[in-house]
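What follows is a set of notes on a single structure, which appears directly below.
The values are calculated or read from the model by the stated rules, or taken from the named source; none is laboratory data. Since this is a predicted model, take the numbers as computed values, not measurements. FYI the Cβ positions are ideal-geometry reconstructions off the backbone, even for glycines, and counts take in every protein chain you see. To get the accessible areas, we keep the full protein, side chains included, count just its heavy atoms, and leave off ligands, DNA and RNA. Shrake-Rupley method; radii C 1.70, N 1.55, O 1.52, S 1.80 Å.
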Amino acid sequence: MSRRDGTVTSTGGRVGRIVIDLVAGAGLLYLFLPIFVIVAFSFNAPVGRFNAVWNHFTLDNWLHPFADQALVDALLLSLRVALISTVLATVIGTFMAIALVRYRFRGGEPVNFLLVLPLTAPEIVLGASLLTLFLSPTLWLFNISFALGFATIVIAHVMFLVSYVALTVRARLRGFDWTLEDAAMDLGANPTRTFWRVTLPLITPGILAAALLSFALSIDDFIITFFNSGPVQTFPLQIYGASRVRIPPQINVLASMILFFSVAILMTGTIAGMRKSAEKQATAKKFNLLHRK
């Protein structure tokens, strides 16, 4: 039995609640345990070439996080790829989402299907297909050729990131009040000014969320990059290649730095959102008090 406020009163209900909590805790532990291991082994002083067995605690790894120049170069390359890919995918995906939500046109449904397709297709299929495209003799007929490397990685990442951006921004636009644009244009604003002053500020949270998601997916991608990288080594590829010979603790240090940076951004956004919500509530209370008076 349970009360109207949701409080469980029966013994069976309490046991079920405990079981659900235990299962949920075990699931969270399963998800976060590898992250805890990565952070913990960044403070390990390994014996030998592989940082796989705990020896003793040390801060030397964090005092010299950039000791392995190959890892640093690969990380900087991954950051460049992620930044360029995120900017391009965010711009393209945002305008696609606006077009799909605001306008009705012939072929809209197939476009929606094609947007979802890269998300459902296995990455190995996408990677192999893009490699075939870059090496296709058909492109040679149009005097187009691609040398596998930085450019092909960026093109491949933009290809699958556009879907994430478009779907994320489209979800934000579902509840958008398009009459605000009509009101702005009734007041004399042209379509361009209306977009920059009304539409874009209101959908910016969705665009930022899509951009952050795209950046994380790009810097983390391995399979698609593996097929289309050629001689270029991104951070995941460098780790994969180094793991067969040695696993330096700097891998864990750099990965932990990326993790801490991501958490800091997430916490900053969350705190800013909470403050903004609190300010809105305070303003609403003041307005209600003044209105009552």
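Mean-square fluctuation check for the chain, GNM, Cα pairs under 10 Å: which of Ile271, Ile247, Ile20 is largest? So, out of Ile271, Ile247, Ile20, the one fluctuating most is Ile20. Between the listed residues Ile251, Gly25, Ile224, the Cα displaced farthest toward the positive end of the dipole of the chain, a dipole computed from Cβ unit charges relative to the Cα centre, is found at Gly25.
Accessible area per residue, 1.4 Å probe, Å², for the chain: what's the number?
Dividing the accessible area of the chain by its residue count gives 65 Å².
For the chain, list the DSSP H helices whose alpha carbon atoms reach 15 Å or more along the long axis and whose average Kyte-Doolittle value is -0.5 or above? Once both thresholds are applied, what remains is 11-41, 69-102, 108-120, 123-134, 150-173, 200-220, 249-292. When the Cα positions of Ile38, Leu76, Ile271 are compared along the charge dipole of the chain, Ile271 comes out farthest toward the positive end, with charges on each C-beta of Lys, Arg, Asp and Glu.
Got a number for carbon plus sulfur as a percent of the chain's accessible area, 1.4 Å probe?
Values: 13160 of 19020 Å².
Whole-percent figure for carbon plus sulfur exposure: 69.
Taken along the Cα-to-beta-carbon direction at a fixed 7 Å, the label points for Val37 and Gln69 span 3.2 nm.
In the elastic network of the chain, a GNM with C-alpha springs shorter than 10 Å, the most mobile of Ala26, Ala99, Ala184 is Ala26.
For Ile247, the residues whose modelled amide H falls within less than 5 Å of its own, excluding neighbours fewer than 5 places apart on the same chain, are Phe50, Asn51.
With the chain treated as a Gaussian network of Cα nodes joined by springs under 10 Å, which of Met274, Met185, Met159 yields the largest mean-square fluctuation? So, out of Met274, Met185, Met159, the one fluctuating most is Met274.
Computed on the chain, with alpha-carbon pairs under 8 angstrom and 6+ residues apart, the relative contact order is 29 percent.
When the range 140-200 is described by a simple charge dipole with +1 on each Lys and Arg Cβ and -1 on each Asp and Glu Cβ, the residue from Thr192, Val158, Val169 located farthest towards its positive end is Val158.
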